[in-house]
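What follows is a set of notes on a single structure, which appears directly below.
The values are calculated or read from the model by the stated rules, or taken from the named source; none is laboratory data. No experiment lies behind these values; they were computed from the predicted model shown. Positions of Cβ are generated from backbone atoms using ideal geometry, with glycine treated the same way; all protein chains shown enter the neighbour counts. Just the protein is used for accessible areas: all its heavy atoms, side chains included, with ligands, DNA and RNA removed. Shrake-Rupley method; radii C 1.70, N 1.55, O 1.52, S 1.80 Å.
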Amino acid sequence: MDTIYIFLDGELKRKDNTLYIEPKDNNKNSLHIPLKNVSSLMFFSEVTLNKRLLHFFAKEEIPAYFYDYYGNYIGAFYPREMNKIGLTMIKQYENYINKEKRLIIAKKFVEGSSENMIKVLENYKKQYIELEKIINLMKSLQNTVDSQNNINAVMSIEGNIRKNYYNGLGIILNKNNFSFEQRTKKPPKDEINAMISFGNVILYNITLAEIYQTSLDPRISFLHEPNMRKFSLNLDISEIFKPIIIDRSIITLVNKNIIKKDEDFTPVNEGVYLSKTGQIKLIEEIEKRLETKITLYKDQKMSYKNLIRYECYKLIKHLKDEEVYKPYKL
Amino acid sequence: MSMYLISVYDVNEERVAKIHKIMKKYLIWQQNSTFEGYITQGNFKKLKRDLYKIINKEEDNIIFYIFNSKENFIRLDFGVVKTKFEGLIIK
């Protein structure tokens, strides 16, 4: 299933049961986009659309996400839930309310994400000797996760691992005029932060679209507190894939000198955002990675994007007490 | 499992528009009477069923070339590409 990213200004319509785009620029051809094999739509440009089109999105069960000029997430059109069944919801609720059960799942997410963070850094161990120390520190922190008995403690260890991980990333990404010290948000203070923020939001929304296709309720999460946001389960599941998909894409873009500091970013007061060209470059790299197929079992191949969906099904099995959830590890 | 489909058709003029309309619901239009794109098994069945209702079996012909993925063949373009629809990023 594809994700469609729209960077073209124009008018959108439902025409012959396709998404019809009439560009503002008269020199460009109008387009008919079939939505049968599409899982989500992302709008970055100025578009006008009507209710009839939203009805069509709902019919095809496709969530549409909207972003502002700087690539900040504005909101989504999230169609009426189609695949939700009461049983999964009750099980999810039960696993959230029961503190011990919730802790088990939360630990699994941290286990998966920290393992993947370590694997990303380990690739560069030979190149940068300083990473050894950071990796060892992360591993020792990772070993303390299991003995914790409340969510806050697990969360703070996760935060600590992540802080060390970003130090490691800083070492790798310190080239081609780029530098990265610590994570800053709203607005991101440097270019690497801008890429991480943008990439993470894209991944959250792709994960949300995958959750939408399953019977899971995206409002009830286990690691993150579900009360302050509308959707939070996608944050939990994304944790596992953030290092593999987003951070590795950023490393590739910087290492191969594809993204340029002076061309692909727009400075704003006290911060910096990706420009339109930068956004497209990062999305192209992320999509390439999501389409990469990996061998899961003997000869079963699966793309990373299907793997996100598969992660949801594994979670459902865990909730139903059929099989203990094992997070994906590189 | 989804597969990659290339479809070309040669049908009576009366039915060209109808076929085009059905095809573009599922696949991406490339040039006159040529479509391509990823499609799931289920949708392919639906597409065939829809087409079957319309075509005249004595006159018309529709060909589907089926590939596992886009990577299994090379596409060369000469001249103007009619649909700029690359990587599903629409610029």
When segment B:17-26 is checked residue by residue, the ones that are within 7 Å of another protein chain (Cβ to nearest Cβ), over 8 Å from the mean Cα position of the chain (by Cα) and within 13 Å of B:Asn43 (Cβ to Cβ) are B:Lys25
Quick one: in segment B:1-22, which of the residues that are hydrophobic (A, V, I, L, M, F, W, C) and closer than 15 Å to B:Tyr65 by Cα is surrounded by the fewest Cβ atoms within 10 Å (Cβ to Cβ)?
-> B:Met3
Kindly indicate the residue of segment A:146-185 that is assigned to a helix (DSSP H, G or I) and polar (S, T, N, Q) and also farthest from A:Glu263 (Cα to Cα) among those meeting that condition.
-> A:Ser147
Please find, among A:Ile104, A:Ile33, A:Ile4, the residue that is open to solvent by less than 70 Å² (accessible area, probe 1.4 Å), of a type outside the set (Lys, Arg) and more than 18 Å from the chain's Cα centre (by Cα).
-> A:Ile33
Is it true that A:Leu12 is open to solvent by less than 10 Å² (accessible area, probe 1.4 Å), more than 10 Å from chain B (Cβ to nearest Cβ) and modelled with pLDDT of 85 or more?
-> yes
Hey, among B:Tyr38, B:Tyr9, B:Tyr4, which residue is under 28 Å from A:Arg309 (Cβ atoms), more than 10 Å from chain A (Cβ to nearest Cβ) and not in a loop (DSSP other than H, G, I, E, B)?
-> B:Tyr4
Scan segment A:15-30 residue by residue and report those that are at the interface with another protein chain (Cβ under 9 Å from one of its Cβ atoms) and open to solvent by 10 Å² or more (accessible area, probe 1.4 Å).
-> A:Asp16, A:Asn17, A:Lys28, A:Asn29
Please give the number of the condition B:Tyr65 fails out of (1) among the hydroxyl-bearing types (Ser, Thr, Tyr); (2) assigned to a strand (DSSP E or B); (3) open to solvent by less than 80 Å² (accessible area, probe 1.4 Å).
-> (3)
If B:Glu86 passes every condition in (1) modelled with pLDDT under 90; (2) more than 11 Å from chain A (Cβ to nearest Cβ) but one, which one does it miss?
-> (2)
Examine segment B:27-34 for a residue that is closer than 26 Å to A:Glu22 by Cα, buried (at least 19 other Cβ atoms within 10 Å of the Cβ) and more than 10 Å from every other protein chain (Cβ to nearest Cβ), and state whether such a residue exists.
-> yes
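Quick grid of which residues meet (1) in contact (Cβ under 8 Å) with a residue 40 or more places away in the chain; (2) within 30 Å of A:Asn176 (Cβ to Cβ); (3) over 16 Å from the mean Cα position of the chain (by Cα):
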{"position": "A:Leu208", "(1), (2), (3)": "yes, no, no"}
{"position": "A:Ser238", "(1), (2), (3)": "no, yes, no"}
{"position": "A:Ile244", "(1), (2), (3)": "yes, yes, no"}
{"position": "A:Ser249", "(1), (2), (3)": "yes, yes, no"}
Unique residue being open to solvent by less than 80 Å² (accessible area, probe 1.4 Å), in a helix (DSSP H, G or I), away from chain A (no Cβ under 14 Å) and at pLDDT 85 or above when the list is B:Leu51, B:Leu47 | B:Leu51
Quick check, is A:Thr292 of a type in the set (Val, Ile, Thr), free of Cβ contacts under 8 Å to residues at least 24 places away in the same chain, within 30 Å of A:Ala106 (Cβ to Cβ) and surrounded by fewer than 18 Cβ atoms within 10 Å (Cβ to Cβ)?
-> yes
Of all residues in segment A:36-59 being open to solvent by 20 Å² or more (accessible area, probe 1.4 Å), outside any loop (DSSP other than H, G, I, E, B) and of a type in the set (A, V, I, L, M, F, W, C), which is nearest to A:Tyr212 (Cα to Cα)?
-> A:Ala58
Among the candidates A:Ile62, A:Ile90, A:Ile97, A:Ile74, residue that is touching a strand residue (DSSP E or B) at 6+ places or on another chain (Cβ under 8 Å), open to solvent by 40 Å² or more (accessible area, probe 1.4 Å) and among the β-branched types (Val, Ile, Thr) = A:Ile74
